[in-house]
Amino acid sequence: MINSDTMQFNTVFLSKQKVVNPLTDVITDTINLLREKYHITSPIKISIGFGKRIIINSEDDFIEVVDYNPLRDILLVIGRVNPTSETPIHWMIHNVREDVNMVIQIFGSNIGGDIPKVDVEKKVFLDYIKKVLEKLGRESMVMLEDNSILFAGRKPEEIIDIIGERWIV
């Protein structure tokens, strides 16, 4: 996870209401499937894009990110909990990659093979996200410096298949 000491962002809550969206069920079902199928016990962050917004799990709840301004580090959100430090990266990937509808981030994963790795300091977020997007390119996965792996794709089944091809039991 991104260290809050190295990356700060401001959150503006447009509403503190519970996020009610059918995509929350897709996120929950995907997390449960990954935990059951691959015995993942580490944290999993999943975001799904719809329009220019994303839904992402945060703590034991969900937030809807309406917008993000990376130059001013301001997140506009709906939800009852604070966004996690991974939220801006997920939002940027969704808004730069039109072919991506879902991002799954697994921490402490057992993925094998040659995976592009981001090896830049996170002190300047825009430099960091540029490097993440550059390393991700048109591919479906990238390893971050905290050894979490981001998977990007259109739908859960597509990403789960990619994880299944690389998962080390």
Given the residues 100, 77, 132, 65, which is the only one that is among the β-branched types (Val, Ile, Thr) and free of Cβ contacts under 8 Å to residues at least 40 places away in the same chain?
65
Within the stretch 34-73, work out how many residues are aliphatic (A, V, I, L, M) and in contact with a Ser or Thr (Cβ under 8 Å, 6 or more places away or on another chain).
7
Answer yes if at least one residue in the stretch 38-52 is part of a strand (DSSP E or B) and either over 13 Å from the mean Cα position of the chain (by Cα) or at pLDDT below 90 (or both), and no otherwise.
yes
Would you pick out the residues in the stretch 102-117 that are touching a Lys or Arg at 6+ places or on another chain (Cβ under 6 Å) and modelled with pLDDT of 85 or more?
105
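Yes or no, residue by residue, for (1) touching a strand residue (DSSP E or B) at 6+ places or on another chain (Cβ under 6 Å); (2) closer than 22 Å to residue 125 by Cα; (3) among the aliphatic types (A, V, I, L, M):
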site: 17; (1), (2), (3): no, no, no
site: 25; (1), (2), (3): no, no, no
site: 74; (1), (2), (3): yes, yes, yes
site: 83; (1), (2), (3): yes, yes, no
Where a residue in the stretch 13-33 is farther than 16 Å from residue 81 by Cα and its partner, wherever it lies, is in a helix (DSSP H, G or I), with Cβ under 6 Å and at least six apart
30/156
Looking only at the stretch 123-169, filter to residues that are of a type in the set (Val, Ile, Thr) and over 23 Å from residue 32 (Cα atoms); which one of those is modelled with the lowest pLDDT?
124
Spot the failing condition for residue 56; the list is (1) under 19 Å from residue 133 (Cβ atoms); (2) modelled with pLDDT under 95; (3) under 11 Å from the mean Cα position of the chain (by Cα), and only one is missed.
(2)
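The values are calculated or read from the model by the stated rules, or taken from the named source; none is laboratory data. Not measured: the values here are computed from a predicted model. Glycine gets a Cβ as well: all are built from the backbone with ideal geometry, and neighbour counts include every protein chain shown.
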